[in-house]
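Notes follow the structure.
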Amino acid sequence: MTFRLLILFLIGFVGIQGTCRVSMKDVSIPPDVKTVKVNYIENRARYINPQLSPRLTDKLRQKIINQTRLSQVSGDADYEISGTVTDYSVSTSGISNQQVASNNLNVSVRIVFRNRLDEKKNLETSITRNFPFSASLSLSQAESQLNEQIISNLTDEIFNKIFSTW
């Protein structure tokens, strides 16, 4: 009897987990949209992190492939995404005992989304994120610690602005 209850519990748990995974993907793409083109996100900030543009572009492409049914193409596409890193700078965010205690790495990306099937849905937006780090770290040390977080956060934000229904 206990074994049967355990099996029923596991089946129910797996079923609930499967439902949760599907419901978390609030991606809204009309059925007639089949293709997407993600152009290279250029870095035009005053200070250039050479890893940012290629990694952000690649991560966005991967996320679209993994979380939508769209096919990526290099030519004309139903959806076209392009972007530019417009700011990559450091600012002081905290002072303690008259000394800098923490800094922010500020990153801004301008995104242009073109919907070739419904131009009323075109979108141009800027995304700005601040990533705090200790003032005891150099910029290169902070970048090595924050790179994954920067790429992940910006990718999620871009994806959600374009594809989410909420």
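The values are calculated or read from the model by the stated rules, or taken from the named source; none is laboratory data. Source: prediction; values computed, not measured. Cβ sites come from the backbone with ideal geometry, for glycine too, and all protein chains shown count toward neighbours.
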If we keep only residues of region 12-55 that are β-branched (Val, Ile, Thr), at pLDDT 95 or above and under 18 Å from the mean Cα position of the chain (by Cα), then the residue nearest to residue 146 (Cα to Cα) is 41
All-but-one check, residue 107 against (1) in contact (Cβ under 8 Å) with a residue 24 or more places away in the chain; (2) more than 25 Å from residue 142 (Cα to Cα); (3) touching a strand residue (DSSP E or B) at 6+ places or on another chain (Cβ under 8 Å), failing number (2)
For region 114-149, the count of residues that are of a type in the set (A, V, I, L, M, F, W, C) and over 20 Å from residue 54 (Cβ atoms) equals 5
The correct count of residues that are assigned to a loop (DSSP other than H, G, I, E, B), touching a Phe, Trp or Tyr at 6+ places or on another chain (Cβ under 9 Å) and surrounded by 18 or more Cβ atoms within 10 Å (Cβ to Cβ) in region 37-67 is 2
Contact list, first residue from region 146-166 and farther than 17 Å from residue 132 by Cβ, second anywhere and outside any helix (DSSP H, G or I) and of a type in the set (Ser, Thr, Tyr), beta-carbon distance below 8 Å, six or more apart or interchain, is 161/125; 162/79; 163/28; 163/68; 164/28; 165/28
Of those in region 122-138 that are more than 20 Å from the chain's Cα centre (by Cα) and loosely packed, with under 14 Cβ neighbours inside 10 Å, the residue nearest to residue 157 (Cα to Cα) is 134
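Condition first: among the basic types (Lys, Arg) and at pLDDT 95 or above. Now tell me which residues in region 118-155 satisfy that.
129
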Residue 107 meets each of (1) more than 21 Å from residue 45 (Cβ to Cβ); (2) surrounded by 17 or more Cβ atoms within 10 Å (Cβ to Cβ) with one exception, condition (1)
Residues of region 22-64 being without any contact (Cβ under 8 Å) to a residue 24 or more places away in the chain and more than 19 Å from residue 112 (Cα to Cα), in sequence order, are 22, 23, 24, 31, 50
Answer yes or no as to whether residue 147 is farther than 27 Å from residue 28 by Cα and in contact with a Ser or Thr (Cβ under 6 Å, 6 or more places away or on another chain). no
